[in-house]
Structure formats: C-alpha cells, structure tokens
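Peer 1: Take this structure, written in structure tokens, and hold onto it; I'll ask about it next.
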Amino acid sequence: MADKFDPYREALVMEVETEWPEDQDDLPADQRLRLEGLLHAAPEEAAQLQYVRTHTGFCRRIIVTPEDLERVMAAS
C-alpha cells in the first residue's frame with residue numbers, strides 16, 4: 001500500500017530504495033541511476049511511495065510507474 005508524502009518521515013529518511021517494473025530491466029545502469037536520482041529528488045511527486053521503518057529512521061521506497069518515468073524523462 002502506498003503512503004502519502006510525509007514531511008515528518010522525510011526528515012528521518014536514512015536510506016532510499018527504488019523498485020523498477022520488470023519491463024524496465026533492459027534500462028542501462030547509468031541511465032537507471034540518473035533517473036533514480038531525479039525520482040528521489042522530488043519524492044512528493046512519486047505516484048507510489050512507501051516509508052519503511054528501520055532501526056535508524058525510515059527508508060523511502062519509490063515504486064516506479066510509467067507516469068513517473070514519463071515525468072522525469074521529460075524533465076531531463
């Protein structure tokens with residue numbers, strides 16, 4: 001279940017993860033890293049966002065959607 005953007009949890013984010021759809025497996029590693037950076041730079045715009053509790057704070061997980069890819073590719 002996706003969470004809503006939460007400024008309080010954002011302040012406690014210590015880790016980030018990106019979950020890619022299977023149809024994006026052929027994306028080159030350098031492009032994937034660049035897109036991940038863009039996605040995590042604006043987490044409030046992510047369609048599917050999760051905050052996972054860790055021992056040190058939270059891990060922000062973005063589940064990449066086609067809409068997310070379209071948005072960050074248009075911006076880059």
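Per-residue answers, yes or no, for (1) among the hydrophobic types (A, V, I, L, M, F, W, C); (2) touching a strand residue (DSSP E or B) at 6+ places or on another chain (Cβ under 9 Å):
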site: L12; (1), (2): yes, yes
site: D25; (1), (2): no, no
site: A42; (1), (2): yes, no
site: Q50; (1), (2): no, yes
site: F58; (1), (2): yes, yes
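Peer 1: So which pairs qualify, if the first residue must be in the stretch 6-27 and in contact (Cβ under 8 Å) with a residue 12 or more places away in the chain and more than 13 Å from H40 (Cβ to Cβ), the second must be surrounded by 13 or more Cβ atoms within 10 Å (Cβ to Cβ) and hydroxyl-bearing (S, T, Y), the Cβ gap must be under 6 Å, and the two must be at least 6 apart or on different chains?
Peer 2: R9/Y51
Peer 1: Among the residues of the stretch 5-29, which ones are loosely packed, with under 13 Cβ neighbours inside 10 Å, of a type in the set (D, E, K, R) and modelled with pLDDT of 95 or more?
Peer 2: Hits for the stretch 5-29 are E15, E19.
Peer 1: Something else now. Under 8 Å between Cβ atoms, at least 6 apart or on separate chains: pull out the pairs that start in the stretch 52-69 with a residue that is small (G, A, S) and end on any residue that is surrounded by 14 or more Cβ atoms within 10 Å (Cβ to Cβ).
Peer 2: G57/L12; G57/V13
Peer 1: Next question, about the same structure. Identify all residues within the stretch 47-72 that are within 13 Å of W20 (Cβ to Cβ) and of a type outside the set (A, V, I, L, M, F, W, C); write none if there are none.
Peer 2: Matches in the stretch 47-72: Q48, R61, T65, P66, D68.
Peer 1: Is it the case, given these coordinates, that A41 is aliphatic (A, V, I, L, M), within 16 Å of R71 (Cα to Cα) and surrounded by 14 or more Cβ atoms within 10 Å (Cβ to Cβ)?
Peer 2: The answer is no for A41.
The values are calculated or read from the model by the stated rules, or taken from the named source; none is laboratory data. Small disclaimer: the values here were computed from a predicted structure and weren't measured. Please note: Cβ atoms are built from the backbone with ideal geometry, for glycine as well, and neighbour counts cover all protein chains shown.
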